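**Student:** Provided herewith is a single structure, encoded as structure tokens, for subsequent inquiry.
The values are calculated or read from the model by the stated rules, or taken from the named source; none is laboratory data. None of the values given here were measured: they were computed from a predicted structure. As a convention, Cβ positions derive from the backbone with ideal geometry for all residues, glycine included, and neighbour counts pool all protein chains shown.
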Amino acid sequence: MGDDAKLVTCGADNAVYVRNPTSGEVEHSFTETHGDAVNVLCVAPNGGDKFVTGSDDCSVKLFSFDGTKIAGEFEKNVTRFSLPVRALAWSTDGTFLAAGGEDSMVKVVDMSDNSIAMELPHRGKCIKSVSFDPKGEFLSACDDAGVLTVWALKTITKKDGGDDDDDDENAEDDTHKSSIEPGDSVMSATVAPVT
């Protein structure tokens, strides 16, 4: 833990607190940014100089840490939902943010310009968690009933009934390939599979 390490917490008091991780002392707080309980926060990968929060006020907000400022600052509104936000996850490279909540929708936001890259409907009532796979090919979400759904984030092409070796001299032509397109659900299960 370095000298510039911070502990960030949130809760039902509408506030986000930046604390000293050793003493627990509050160094800075954002009490006016959200209008209702802050349910979830997620620190960005690759250095953790930014974090996002999701709230009962149906919004996702971005904050940043900067050594020249007191301890961080509100940067921008990322996206809004029609109901409270319950789950957030950054992609491994920090390019995308997944957000979900009580309106049964998962949004994938391109963090470079705040555009919605994908809106992924979920059959359950409330999204409780979201997660990107390490390669950035899939996104999973679990709802309050334990239903796990996995979506493709990239086009995935595979040959029917064979291996994926394109160098094989006897490989069949492209007419025998099937593909999964971005946004396609590739799995839905009531119990998470054992891997």
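Residues checked against (1) in contact with a Ser or Thr (Cβ under 7 Å, 6 or more places away or on another chain); (2) among the aliphatic types (A, V, I, L, M):
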residue	(1), (2)
G100	no, no
M105	no, yes
A117	no, yes
H122	yes, no
D133	no, no
A145	no, yes
V150	yes, yes
K154	no, no
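**Student:** Now, a different point. Residue under question is G161, and the condition is that it be exposed (fewer than 15 other Cβ atoms within 10 Å of the Cβ), at pLDDT 75 or above, small (G, A, S) and at positive phi; does it hold?
**Tutor:** On the way: exposed (fewer than 15 other Cβ atoms within 10 Å of the Cβ): yes; at pLDDT 75 or above: no; small (G, A, S): yes; at positive phi: yes.
So G161 fails the test.
**Student:** Go through region 147-159 and give me each residue that's closer than 15 Å to G183 by Cα and assigned to a loop (DSSP other than H, G, I, E, B).
**Tutor:** L153, K154, T155
**Student:** I'm trying to understand the selection: among the residues of region 40-80, which are among the small types (G, A, S), assigned to a strand (DSSP E or B) and modelled with pLDDT of 90 or more? First the steps, then the outcome.
**Tutor:** Of region 40-80, the ones among the small types (G, A, S) are 44, 47-48, 54-55, 59, 64, 67, 71-72.
This time we only want the ones that are assigned to a strand (DSSP E or B), so: 54-55, 59, 64.
Within region 40-80, G54, S55, S59 qualify.
Every residue, every condition in (1) among the charged types (D, E, K, R); (2) at pLDDT below 90; (3) touching a Cys at 6+ places or on another chain (Cβ under 6 Å); (4) assigned to a loop (DSSP other than H, G, I, E, B), yes or no:
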position: L88; (1), (2), (3), (4): no, no, yes, no
position: D113; (1), (2), (3), (4): yes, no, no, yes
position: I116; (1), (2), (3), (4): no, no, no, no
position: R123; (1), (2), (3), (4): yes, yes, no, yes
position: V130; (1), (2), (3), (4): no, no, no, no
position: A145; (1), (2), (3), (4): no, yes, no, yes
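Yes/no matrix, rows are residues, columns are (1) touching a residue at least 40 places away in the same chain (Cβ under 8 Å); (2) surrounded by fewer than 18 Cβ atoms within 10 Å (Cβ to Cβ); (3) within 22 Å of P45 (Cα to Cα):
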| site | (1), (2), (3) |
| --- | --- |
| L97 | yes, no, yes |
| E102 | no, no, no |
| M105 | no, yes, no |
| D110 | no, yes, yes |
| R123 | yes, yes, no |
| S131 | yes, yes, yes |
| C142 | yes, no, yes |
| A145 | yes, yes, no |
| K154 | no, yes, yes |
